[in-house]
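One structure is given here, and the rest of the page talks about it.
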2 protein chains.
Amino acid sequence: MQVSRRARAMQESPIRKLAPLSVEAKRRGIHVYHLNIGQPDLPTPPEFLHAVAHFSEPVLAYGPSDGLPALKDAVCEYFSRYRVHLRPNEVLITTGGSEAILFAFNVVADEGDEIIVPEPFYTNYNGYAQMANLRLVPVRTHAEDGFHLPPDEVLEGAISPRTRAFLLCSPNNPTGTVLTREELERVAALCQKHDLFLIADEVYKEFTYDGRVHTSALELPGMESRVIVVDSVSKRFSACGARVGALITRNPQVMAACLKLGQARLCPPTLEQLGAVAAYQLGEEYFAAVREEYQRRRDVLYDKLTAAPGIVLRKPRGAFYMIVKMQGIDDADELAAWFLRDFSYQGETVMVAPASGFYATPGAGRDEVRIAYVLEVPKLERAAEVFLAGLEQYRSLAPAATRQVR
Amino acid sequence: MQVSRRARAMQESPIRKLAPLSVEAKRRGIHVYHLNIGQPDLPTPPEFLHAVAHFSEPVLAYGPSDGLPALKDAVCEYFSRYRVHLRPNEVLITTGGSEAILFAFNVVADEGDEIIVPEPFYTNYNGYAQMANLRLVPVRTHAEDGFHLPPDEVLEGAISPRTRAFLLCSPNNPTGTVLTREELERVAALCQKHDLFLIADEVYKEFTYDGRVHTSALELPGMESRVIVVDSVSKRFSACGARVGALITRNPQVMAACLKLGQARLCPPTLEQLGAVAAYQLGEEYFAAVREEYQRRRDVLYDKLTAAPGIVLRKPRGAFYMIVKMQGIDDADELAAWFLRDFSYQGETVMVAPASGFYATPGAGRDEVRIAYVLEVPKLERAAEVFLAGLEQYRSLAPAATRQVR
């Protein structure tokens, strides 16, 4: 029995596919620093788990398809702290930000339609594009520009009669780039000119450094009917296992369509929505501490890496990732495998995510890796040293020995 | 900004669309018996909630995309009690049974392909068929036959070159029908003859009465590569709000494809998986008590309804629904609205689900409603009386007054 074409076409997670080599390295007694996955290590707020533990209904019943009213209210209150004023009927609670992406794709585009997305981009967009039978059209951004958007003519050149939306992620996974308000306005103008939606993945909104302020697509004037924001508690409250997110839009037609999709899957998980309600009561001091910690890590990693030769890296201003371009490397997939399979430095190695999986353009990103800084500063410093030692050694090896022909 | 064609084509939940009329009736002081929704009223096992409350990790992290290993093991152990022996790599934990349906649809069929399903059927299949851009092809079953499958030639007549699978739900929502082993074997033979998958929604497997035993599609010999089972803890443990289900298949290619879809959505909710692990430790006495309670309710409702004139109803053997066909009614949508809008009996009324929404064939089921028996026996007896009193009154009204032209 053959599975469907679309199932065969779907890529494996580039972040997870190296996992067996990592298991093998650990079995050989090598310590592996995980720089490959965006799983925050900071504790989930006790308030979250406390609220879950105090659930006292006799029946864990279906909740409303659009989410618990208390959580919708909490999301509105939360966004109002960021200059965005929402009504509860503009918020649909989803099963993680992932589901918000799936709903948005289905509602803005039909099969064969196109969504334009700057690359490199969050690799899971690909899985949802396959499921929704639509095509992600990449526009390249570059390490040398700090992965900021290309000029208008490049963005506009990607628009075809099948284009239905732009998809932006800021602060960005995998690059850490925070788009400026001016960049958002440029995309908004194109959306208005060509009658397109703007899907804005803002799940890292609090994670901005050096005093940078994240601009939400919901702040853009005249874009009320076009903007769909993807939101999540996963990174915000270090609660990735909760699977609680939100889709936010002021377009009632879009919301009605998303609600029909929401009814098909009945409801998001109830207990973890209760946890999220409690977490939203946390004040700004919670986020200030989180932000400070990540900024310190970003600084350590950035300083270490840019002190080494042959690294292209502009200081990222948000999220907890960076894309590191390495001169002299032409197959970062092989480099990442080599780190786990063939290398160790004083009994340690690193696991990084090859960047090729974050690009849709074949061959792009083969000299880049994504590094996530979800380790405490001393470990992160050490991991950077191990990474640079490996990179130096790898570069010094004869090409024939290191670079497999694929 | 216009939403996509598929979003516009998606039907609203027929179970939920009467909700505003119900709210309005309650505002007028009328007590509404909810016979319309499959939300079990039995308490969630305390073991479930206890396990959730005792989560003690500092970080609520992403779990594995295929589910927590302890839960996969628990599912295997549980199925072994039902003569089905599974290995953990044949089980993928999903976010509710709903997600298992979505994954199965995407993996067996490409856009435009067809899946054959006996109607009436669980209405949410429609939403997932829309999302997967495939076509559900109904084969009619009838109240007079107790909604059992039609002869082979009817089933086979529905097969086209685009057919990829049969989809069966047993015990059935919305009919309560439990397919016999012989019926399953007939469908299995057609799957083998025409090289089709068999998707079996078995989320009500424990809910069988009168000593009937549910046969799982996983028990069918020679069907290992074709069967995909949809499973859920929602009804099993009265835990609909948990959003924990499973997709089970012995076809490694199907499992690998589903796992890629699973990676795109990262993981199912962690805390509620922990609850499910604990619930699976419950012994057979838990289910015996649950089964006994639902059988008693089924008996009360069946006896009351079949004692009234003009009702076509064969005794359903499972789940907690029945489809009630009413002679002299030609628009049960209007009847259901009338119950909420215009009728009360000693200050009370009922909310039922018009069956038309469970049919894909236009015009089918307009003389039928689905009744769920998720109320305690005394309330259920009373609700049946109110329903029958209303039905009698409605039938006696002049047609012009009761039947709106649509």
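The values are calculated or read from the model by the stated rules, or taken from the named source; none is laboratory data. Here the structure is a predicted model, which means the values were calculated and not measured. Note: ideal-geometry Cβ built from the backbone for every residue, glycine included; neighbour counts use all protein chains shown.
Within the set A:60, A:149, A:86, the sole residue that is of a type in the set (A, V, I, L, M, F, W, C), within 13 Å of another protein chain (Cβ to nearest Cβ) and more than 16 Å from the chain's Cα centre (by Cα) turns out to be A:60.
Considering (1) within 23 Å of the chain's Cα centre (by Cα); (2) within 9 Å of chain B (Cβ to nearest Cβ), the lone condition that residue A:92 does not fulfil carries the number (2). Kindly indicate whether residue B:169 is more than 14 Å from chain A (Cβ to nearest Cβ), of a type outside the set (D, E, K, R), surrounded by fewer than 20 Cβ atoms within 10 Å (Cβ to Cβ) and touching an Asp or Glu at 6+ places or on another chain (Cβ under 9 Å). No; evaluated as a whole, the condition is false for this residue. The residues of the stretch B:213-226 that are within 12 Å of chain A (Cβ to nearest Cβ) and either within 13 Å of residue B:82 (Cβ to Cβ) or surrounded by 24 or more Cβ atoms within 10 Å (Cβ to Cβ) (or both) amount to a single one, B:226. Exactly one residue out of B:273, B:263 is closer than 18 Å to residue B:64 by Cα, crowded, with 24+ Cβ neighbours inside 10 Å and within 14 Å of chain A (Cβ to nearest Cβ): that is B:273.
Listed conditions (1) in contact with a Ser or Thr (Cβ under 9 Å, 6 or more places away or on another chain); (2) facing chain A (nearest Cβ under 9 Å); (3) not basic (Lys, Arg) are all met by residue B:115, apart from (2). The set of residues from the stretch A:349-386 being in contact with a Leu (Cβ under 7 Å, 6 or more places away or on another chain) and under 21 Å from residue A:29 (Cα atoms) comprises A:349, A:350, A:351, A:352, A:380, A:383, A:384. Checking every residue in the stretch A:242-254 against the condition of being in a loop (DSSP other than H, G, I, E, B) and either more than 14 Å from chain B (Cβ to nearest Cβ) or on the phi > 0 side of the Ramachandran plot (or both) gives at least one match. Just one residue in the set B:210, B:195, B:231 is acidic (Asp, Glu), at pLDDT 95 or above and crowded, with 23+ Cβ neighbours inside 10 Å; that residue is B:231. Within the stretch A:367-374, one or more residues are modelled with pLDDT under 95 and assigned by TED's automatic domain parsing to the domain that holds residue A:307.
On the stretch given as the stretch B:1-15, residues that are surrounded by fewer than 17 Cβ atoms within 10 Å (Cβ to Cβ) and closer than 30 Å to residue B:347 by Cα total 1. Taken over the stretch B:213-232, the criterion of being of a type in the set (Val, Ile, Thr) and not in a loop (DSSP other than H, G, I, E, B) is satisfied by B:227, B:228, B:229, B:230.
Each row is one residue, and each column tells you yes or no for (1) of a type in the set (Val, Ile, Thr); (2) touching a Cys at 6+ places or on another chain (Cβ under 7 Å); (3) within 21 Å of residue A:247 (Cα to Cα).
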| residue | (1), (2), (3) |
| --- | --- |
| A:166 | no, yes, yes |
| A:169 | no, no, yes |
| A:172 | no, no, yes |
| A:177 | yes, no, no |
| A:180 | yes, no, no |
| A:196 | no, no, yes |
| A:219 | no, no, yes |
| A:224 | no, no, yes |
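May I ask you to verify whether residue A:286 is farther than 30 Å from residue A:186 by Cα, away from every other protein chain (no Cβ under 14 Å), touching a residue at least 12 places away in the same chain (Cβ under 8 Å) and not acidic (Asp, Glu)? Taking the combined requirement at face value, the residue satisfies it.
Selection within the stretch A:179-188: residues that are away from chain B (no Cβ under 14 Å) and in contact (Cβ under 8 Å) with a residue 24 or more places away in the chain. The member of this set that is nearest to residue A:147 (Cα to Cα) is A:179. Restricting the stretch A:60-87 to residues that are under 15 Å from residue A:100 (Cβ atoms) and touching a Cys at 6+ places or on another chain (Cβ under 9 Å), the residue that is modelled with the lowest pLDDT is A:65. When the stretch B:286-333 is filtered for residues that are aliphatic (A, V, I, L, M), farther than 17 Å from residue B:386 by Cα and in contact with a Phe, Trp or Tyr (Cβ under 6 Å, 6 or more places away or on another chain), only B:319 remains.
I need the full set of residues from the stretch B:257-295 which are assigned to a loop (DSSP other than H, G, I, E, B) and in contact with a Ser or Thr (Cβ under 8 Å, 6 or more places away or on another chain), in order please. Correct list: B:265, B:266, B:267, B:268, B:269. Only one of A:78, A:82 is of a type in the set (Ser, Thr, Tyr) and assigned to a helix (DSSP H, G or I). Can you tell me which? The match here is A:78. The helices (runs of 4 or more DSSP H) found wholly in the stretch B:296-406 and carrying at least 2 residues that are among the small types (Gly, Ala, Ser) and crowded, with 16+ Cβ neighbours inside 10 Å occupy B:332-341, B:377-396.
Going by the structure shown, is residue B:139 more than 12 Å from chain A (Cβ to nearest Cβ) and of a type in the set (Val, Ile, Thr)?
Yes.
The single residue among A:70, A:143, A:100, A:51 that is in contact with a Gly (Cβ under 6 Å, 6 or more places away or on another chain), touching a residue at least 60 places away in the same chain (Cβ under 8 Å) and surrounded by fewer than 23 Cβ atoms within 10 Å (Cβ to Cβ) turns out to be A:51.
One line per residue, one yes/no per condition, for (1) outside the structural domain of residue B:207 (by TED's automatic domain parsing); (2) within 30 Å of residue A:111 (Cα to Cα); (3) among the polar types (S, T, N, Q):
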| site | (1), (2), (3) |
| --- | --- |
| B:13 | yes, yes, yes |
| B:20 | yes, no, no |
| B:23 | yes, no, no |
| B:30 | yes, no, no |
| B:39 | yes, no, yes |
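Quick check: anything in the stretch B:108-119 assigned by TED's automatic domain parsing to the domain that holds residue B:230, at positive phi and at pLDDT 95 or above? Scanning the stretch B:108-119 turns up no residue that is assigned by TED's automatic domain parsing to the domain that holds residue B:230, at positive phi and at pLDDT 95 or above. Here residue B:210 clears all of (1) touching a residue at least 40 places away in the same chain (Cβ under 8 Å); (2) within 13 Å of chain A (Cβ to nearest Cβ); (3) assigned to a loop (DSSP other than H, G, I, E, B) except the condition numbered (2).
Every condition in (1) more than 18 Å from residue A:268 (Cα to Cα); (2) within 25 Å of the chain's Cα centre (by Cα) holds for residue A:66 except the one numbered (1). Could you go through the stretch B:2-21 and let me know if any residue there is more than 30 Å from residue B:370 (Cα to Cα) and either more than 9 Å from chain A (Cβ to nearest Cβ) or hydrophobic (A, V, I, L, M, F, W, C) (or both). Scanning the stretch B:2-21 turns up at least one residue that is more than 30 Å from residue B:370 (Cα to Cα) and either more than 9 Å from chain A (Cβ to nearest Cβ) or hydrophobic (A, V, I, L, M, F, W, C) (or both). Looking at the stretch B:16-53 only, could you name the residues that are assigned to a loop (DSSP other than H, G, I, E, B) and under 25 Å from residue B:345 (Cα atoms)? Passing the criteria: B:16, B:17, B:18, B:28, B:29, B:30, B:35, B:36, B:37, B:38, B:39, B:41.
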